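Trainee: To start, I am sharing the structure in question, which I have written as structure tokens.
The values are calculated or read from the model by the stated rules, or taken from the named source; none is laboratory data. The structure presented is a predicted model; accordingly, all values stated were derived computationally and were not measured. Note that each Cβ is placed from the backbone with ideal geometry, even for glycine, and that neighbours are counted across all protein chains shown. Remember, those area values only see protein heavy atoms, side chains included, never the ligands or the DNA or RNA. Shrake-Rupley method; radii C 1.70, N 1.55, O 1.52, S 1.80 Å.
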Amino acid sequence: NLYKIGSYDRNELPELMNLFHIDLVCILPTWPETYCYTLSEALLCRRSVLVTDIGAVGERVSENKCGWVVPVDESIESICRLLCDIKNNPKKYHAVYENVRNYHEKSIYEMCCEYRKQYSFRQSRKIEADMCAIEVAKRNY
């Protein structure tokens with residue numbers, strides 16, 4: 001069912017999901033996204049998701065096993081069959097829901113720490129490469 005509720009405050013989202021009995025959120029982009037706040041909001045509201053396998057959306061869901069991933073060119077009929085299958089197989093839904101329930105959205109601090117590690121690693125590799133280049137230059141001199 002589709003309900004048009006107009007604008008809402010972000011803090012109201014969990015209440016709205018409960019009010020309208022939303023158990024699963026479909027996010028079906030046809031182009032790659034680098035991140036998806038809608039996906040984050042759905043997971044923070046403890047909702048399973050059905051997404052396309054393109055960009056960060058498909059990667060995050062696959063990595064966290066928090067929903068179902070379909071090919072970006074999947075037919076509407078096939079997606080509807082999958083939704084019916086999920087609805088008719090509560091065990092399948094609840095297996096995925098356990099992963100959603102245990103999902104942890106990284107804080108800004110956690111993301112910064114990861115970025116720092118990545119940049120430190122890359123910087124140290126660059127220094128190693130520069131040192132190797134210097135050694136090669138010395139030998140050829």
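Trainee: Ranked highest first by the average count of other Cβ atoms within 10 Å around their residues, in what order do 108-120, 86-98 fall?
Mentor: Going by the mean number of other Cβ atoms within 10 Å, highest first, we get 86-98, 108-120.
Trainee: Taking the solvent-accessible surface of protein heavy atoms with a 1.4 Å probe, what is the per residue accessible area of region 1-43 in Å²?
Mentor: 80
Trainee: Using a 1.4 angstrom probe on the protein heavy atoms only, could you order LEU19, LEU28, LEU82 from most to least accessible area?
Mentor: LEU19, LEU28, LEU82
Trainee: Estimate the FRET efficiency between ALA56 and CYS112 by the formula 1/(1 + (r/R0)^6), using the beta-carbon distance for r and 22 Å for R0, to the nearest 0.05.
Mentor: That pair, ALA56 with CYS112, gives E of 0.75.
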